[in-house]
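Read-outs throughout are calculated quantities, based only on the coordinates presented, and are distinct from any laboratory measurement. The structure displayed is predicted, hence computed values, not measured ones. Cβ placement follows ideal geometry from the backbone for every residue including glycine, while neighbour counts extend to all protein chains displayed.
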Amino acid sequence: MGKIHIPDDVMLFCSLIFRDEAFKDNATSLLKERFGEVVFHSKPFAFDFTRYYEEELGRPLYRTILAFAKLAPRDSLVEVKIITNLIEAELADKGRRRLNLDPGILTQENICLATTKPYSHRIYLGGGIWADLTLMYKDSTYCPLRWTYPDYRSEEMINVFNFLRRLYKEKIRCLKA
């Protein structure tokens, strides 16, 4: 029988899909208030892998990734997604979102996104939130899965997450020292 243990805390991150820099900046400020110091803020990437958000958010769209310095328990993903949904609603205009926030957790073994939509590969966590296993770490890099979104398959995004994994590993090492 395996021994039950609590795993290491995780690195929280949030993807922001936006058209207007002002709303991205407002959301970034609100995210910092809730989750603390940002340890990494990617450059904006063109978000052109899908037109899914264009009707609501307009175009052209961009994505940026924020990662937070303070590590969090793995089971905090439900709470984090609920908070990011509230931030989206706070910044909305007459019920229409001005940006999309997709929080996730980074571990040494994978990247997992939070979502409100069920699907065959998603695990229900509670509170109306599912976990979407998006990337697995194998052979010295994060690797996409059959269902991984096209933008998360991109070399740019995988490079971001590999960089964040190195920061995360160092933080874990320092905490255990």
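Listing for the model above:
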item: 11 Å beta-carbon shell around residue 7, net charge (K/R +1, D/E -1); result: -3
item: FRET efficiency for residue 52 and residue 109, using Cβ-Cβ distance with R0 set to 25 Å, rounded to 0.05; result: 0.30
item: Value of [θ]222 nm, deg cm²/dmol, for the chain, DSSP H segments ≥ 4, -39500 (n - 2.57) each, nearest 500; result: -10500 deg cm²/dmol
item: Residue 22 paired with residue 86, simple spin-label distance in nm, labels 7 Å along Cα-to-beta-carbon; result: 2.5 nm
item: Residues residue 32 and residue 174, FRET efficiency given R0 of 22 Å [Cβ-Cβ distance, rounded to 0.05]; result: 0.50
item: Candidate lysines for bridging to residue 81, where Cα separation is under 19 Å - those fewer than 8 sequence places away on the same chain excluded; result: 24, 32, 70, 117
item: In degrees, nearest ten, helix 77-91 long axis to first principal axis of the chain (Cα); result: 20 degrees
item: Under 12 Å, Cβ to Cβ, from residue 133 - net charge with Lys/Arg +1 and Asp/Glu -1; result: 0
item: Chain lengthening between residue 94 and residue 40 when straightened (0.36 nm per residue, less Cα-Cα); result: 16.3 nm
item: Summed residue charge, Cβ within 15 Å of residue 177's Cβ, Lys/Arg positive, Asp/Glu negative; result: +2
item: Estimated FRET transfer efficiency (residue 69, residue 6; beta-carbon r; R0 25 Å; 0.05); result: 0.75
